[in-house]
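As structure tokens, the structure follows; a few thoughts come after it.
The values are calculated or read from the model by the stated rules, or taken from the named source; none is laboratory data. These figures come from a predicted structure and were not determined experimentally. Here Cβ is always computed from backbone atoms with ideal geometry, including for glycine, and neighbour counts include all displayed protein chains. Each accessible area value is taken on the protein alone, full model and side chains, heavy atoms only, with ligands, DNA and RNA left out. Shrake-Rupley method; radii C 1.70, N 1.55, O 1.52, S 1.80 Å.
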Amino acid sequence: MSDKEVILTPDGLKRLEEELETLKSVKRREVAERIKVAIGYGDISENSEYEDAKNEQAFIEGRIITLEKMLRNARIINSDEILTDVVSVGVTVSVEDLEYGDVMEYTIVGTAESDPLNNKISNESPVGRAIMGKTVGTVVDVSVPAGVIQYKILDITMK
């Protein structure tokens, strides 16, 4: 991960800080205990519990490094910076799929806190990129693997 600026909402910042704290204070201890127990089984050269625990330890340490770097490069979007006259990070946008008439609501967030299953999309995602800076009533073309989808921006709010 480069030293690129990470855009976060206050809520996103809180979640990343909580995850980092959990990894450092809880998960590190748990995996260290698993390694200790696995070593107690004897020969570690063919000890799958030891290998699993070491792999988990490597993942945890990698995630800690990633989170620390993200937090160092974080720029927090405060509510007083969010304007609802154009699509920007921190707003919730209602869009209509002009082909099918489906209406969807997305909250625009930075990449670090995107969660498409909960309708939080990144400002760098295809839909996010297409609607950033646009106003209510604008029709945008979104390039997706299946082709091009046209969305009309119906509403921009702060939630």
Out of Gly133, Gly128, sole residue that is outside any strand (DSSP E or B), crowded, with 16+ Cβ neighbours inside 10 Å and outside the structural domain of Asp11 (by the TED database): Gly128
Across the range 27-43, which residue is modelled with the lowest pLDDT among those that are touching a helix residue (DSSP H, G or I) at 6+ places or on another chain (Cβ under 6 Å) and open to solvent by 70 Å² or more (accessible area, probe 1.4 Å)? Arg34
Do any residues in the range 23-39 that are under 18 Å from Arg63 (Cβ atoms) have Cβ atoms under 7 Å from those of residues that are charged (D, E, K, R), where the two are at least six apart or on different chains, and which pairs are they? Leu23/Arg63; Val31/Glu56; Ile35/Lys54
Given the structure, is Lys24 surrounded by 14 or more Cβ atoms within 10 Å (Cβ to Cβ) and among the charged types (D, E, K, R)? yes
Just need a number here: residues in the range 101-118 that are within 19 Å of Ile153 (Cα to Cα), touching a helix residue (DSSP H, G or I) at 6+ places or on another chain (Cβ under 8 Å) and either exposed (fewer than 13 other Cβ atoms within 10 Å of the Cβ) or not hydrophobic (A, V, I, L, M, F, W, C) (or both). 1
